[in-house]
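Contents: one structure, followed by commentary.
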Amino acid sequence: MHDITVVDLSRWQFAITVLYHFLFVPLTLGLSFMLAAMETVYVTTGKQIYREIAQFWGKLFLINFALGVATGLTMEFEFGTNWSFYSSFVGDIFGAPLAIEGLMAFFLEATFVGMMVFGWDRLKRGQHLAVTYMVALGSNLSALWILIANSFMQNPQGATFNPATMRMELTSFTQLIFSHDAQAKFVHTSIAGYVTGAIFVAGISAWYMLKGRHIELARRSFRMAVLFGVLSTAGVITLGDALGFVGGQAQPSKLAAMEGLWKSEAAPMPFNLVAFPSQKEQVNHDQLQIPYALSLLVTHSMDGTVPGFDKLEQQAVGRIKNGIPAVEALQTLASKPGDAAALAQFRAHEKDLGYGFLVQRYAEDVSKATDAEIGTAARDIIPEVAPIFWSFRAMVAMGLAMLAFFVLAVIFSLRNDIVRQRWFLKIAVWMIPVPFLACEAGWLVAELGRQPWTVYGVLPTWMSASTHSVGYMIFSLVGFVGLYTVFIIAEMYLMLRAIRKGPDEPHGDDPDRDSDPMLNNSAKAGPFAGYAEG
Amino acid sequence: MKTLLLFVLFMLIAILVILLAIVLGDSGAWYFAWLVGTGMIVLITAAGGAMLDAQDEHAALETEAGTNAKRA
């Protein structure tokens, strides 16, 4: 029997390391394609300033990329060290995308990053542009595989449990890759990275404009960032809805937690705009509702309904009772692998094997599980509602705020009026942390909402952890927190230093720049003459 | 006032586009949408940069023309 404190500490350690890692990932995903767009303008127009723009943002990309890779490495090992039962149980499925992700990250992405950084003077323009596109594609395809693996945990597709090997085995790689959850999750996450990159570039460019430094670089970067951002934000909201729609069908308990839905209701269901969910009483306090909105949001129809926790708990009782014979059959098969009766019993109940595991936490001999123990196990299917409920609302609110920000930013930028809108530039600087927080909130919803499962409906979290001692877990947790604190200080120092320093000043002997009439004209006689950098 | 109206108009367009995508994409081929969408986002972004240069050139020419007219 696992020590629940060790399981909880393993969860804390994974949550801290993955949330920390995900501070770097979205910026890599988004900034890489922004660099591709900037360099595309350089290659197509030949204007030297776009090379400087791409090189400057490339430097910030590199700092972020290095820390993203370093913190990502620990995640891969953590599956083996802290979640060894999980790794052996689903390794056949989880291992393949994880391995491809590693290959993508270290061979495709890292190789081309090296060529992108050191190849400016060694490659032709077109060749370097192709390399930059490969970096962007490599970063995002690397994320694709880890998100496919995560989607399997949210909505297991393309695999089945083999009682002969006592583990899950892959039955369809196509089903694994093309599950609706994987598709919606990848695009939602990837485009959330685009939004992060856009706000990052827009915010820093706004800071330069406020300071009156590097105006030409900042105006162009801002224009490109806000166009990139407005389209991406529209995409991220659309895919957020798609993910909610797909995920709601696959994980009804997560959806019920996101909406604070304790009791099932008839259609059309109201949406809880604000509420204070009480886990103990299983009610919401002080709720403010929008009539009909929930049915529309989660089922896209006025007569659609989704089950509340009352119904889900009731269903779980039935599924646990159906899963118990499957667990008993496995116990027999463990000692007598060829037992035909046990195998037949397993096949008849295998659909609810995971639910049988749920009650094993309270009754080691599941055949003797009491109704009270089954009831307690059934209540476990309700995740911690309040943090999921509020993380979801925080994410949505930040998403809508970013959409409004980008729409206004596009108007100012297209009018070529942005440098004069100092109040808006100040807002742009303060917007920089928002997408990072929104991404973290999104992952909290996804991962807290999946509880009590590591693989939804198949493998409970309490069974998945390794059997370390509490002391070992506390020691490694403190070690990670200490090390990552040093990392974040190093990252912030390097980023701020690079931002304060700004882009490398153009060389005087650069023929492209000297002969560029636009650059010289706009600095001397254009509408922003007064802002030209000194 | 003009900015506010433009903001409201563009927000409405953005919301309309999002709603359309939601209705059409209940079980959409999202990988394909990502490929096409990313390409489109990158190209529109690049076009935005080039457009800024064109706006600057136009403004510079107008300023120059204004100065010449005053001299004349």
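Worth a mention:
- Averaged over A:36-42, number of beta-carbon atoms from partner chains that fall within 10 Å: 5
- A:Leu459 long-range amide H proximity, modeled H, under 5 Å: A:Thr454
- Nitroxide proxy distance, nm - points 7 Å out along Cα→Cβ at B:Leu16 and B:Ile44: 1.4 nm
- Under 19 Å from B:Lys70, Cα to Cα: lysines that are on another chain or at least 8 residues apart: A:Lys524
- In sequence order, calculated HN-Hα J values of the range B:40-50 (Karplus, 6.51, -1.76, 1.60; Hz; x Gly/Pro): 5, 4, 5, 5, 5, 4, 4, 4, x, x, 5
- Between the range A:58-128 and the range A:142-197, the alpha-carbon centres lie 18 Å apart.
- Ellipticity estimate at 222 nm from DSSP helix runs (n ≥ 4, -39,500 (n - 2.57)) divided over chain A, nearest 500: -24000 deg cm²/dmol
- Whichever lysines have a C-alpha closer than 22 Å to that of A:Lys185, once near sequence neighbours (fewer than 8 apart) are set aside: A:Lys254
- Among the residues of A:229-239, the average count of other protein chain beta-carbon atoms within 10 Å of the residue beta-carbon is 6.
- From most to least packed by mean Cβ count within 10 Å, the peptides A:274-286, B:36-48, A:399-411 give A:399-411, B:36-48, A:274-286.
- Taking the Cα centre of the protein assembly as shown as origin and assigning +1 to Lys and Arg Cβ atoms and -1 to Asp and Glu Cβ atoms, the resulting dipole is close to 1240 debye.
- Set A:Lys280/A:Lys351; A:Lys263/A:Lys321; A:Lys321/A:Lys351 screened for pairs whose C-alpha atoms are more than 21 Å apart: A:Lys280/A:Lys351; A:Lys263/A:Lys321
- Shielding by partners for peptide A:178-187, expressed as the average number of C-beta atoms from other protein chains within 10 Å of each residue's C-beta, is 4.
- Residues of type aspartates and glutamates that A:Lys501 reaches as a straight line, Cα spacing below 18 Å, ignoring anything fewer than 8 places off in the same chain: A:Glu52, A:Glu216, A:Glu491, A:Glu533
- Whole-Hz couplings from phi, Karplus 6.51/-1.76/1.60, listed for the range A:401-415; x for Gly and Pro: 5, 5, 4, 4, 4, 5, 4, 5, 5, 5, 4, 4, 5, 5, 7
- For A:Arg167, residues with placed amide H under 5 Å, excluding near neighbours: A:Asn162
- DSSP-loop GluC sites (Glu not before Pro) across the range A:358-420, with at most 11 other Cβ within 10 angstrom: A:Glu364
- Qualifying trypsin sites (Lys or Arg not before Pro) in the range A:347-444, where qualification requires a DSSP coil assignment and no more than 14 other C-beta atoms within 10 Å, comprise A:Arg415.
- Sorting A:4-14, A:222-232 by their mean Cβ neighbour count within 10 Å, with the most densely packed peptide first, gives A:222-232, A:4-14.
- Karplus 3J(HN,Hα) series, Hz, for the range A:38-48 with 6.51 cos²θ - 1.76 cosθ + 1.60 (x for Gly, Pro): 4, 6, 4, 5, 4, 5, 7, 9, x, 7, 4
- Rounded tilt (10° steps) of A:125-154 against the dominant C-alpha axis of chain A: 20 degrees
- Amide H contacts for A:Phe271 (H built 1.01 Å from N in the peptide plane; partners 5 or more residues away or on another chain; cut-off under 5 Å): A:Ile290, A:Tyr292, A:Ala293, A:Leu294.
- Sequence ranges A:203-214, A:186-197, ranked by mean other-Cβ count within 10 angstrom, highest first: A:186-197, A:203-214
- In range of the label at A:Ala401: residues from the range A:419-445 whose backbone nitrogen is under 20 Å from the point 7 Å along Cα→Cβ: A:422-445
Taken together, the values in this text are just the output of simple stated rules run on the coordinates, not laboratory data. Computed from a predicted structure; not experimentally measured. Ideal geometry is used to build each Cβ from the backbone, glycine not excepted, and the neighbour counts take in all protein chains shown.
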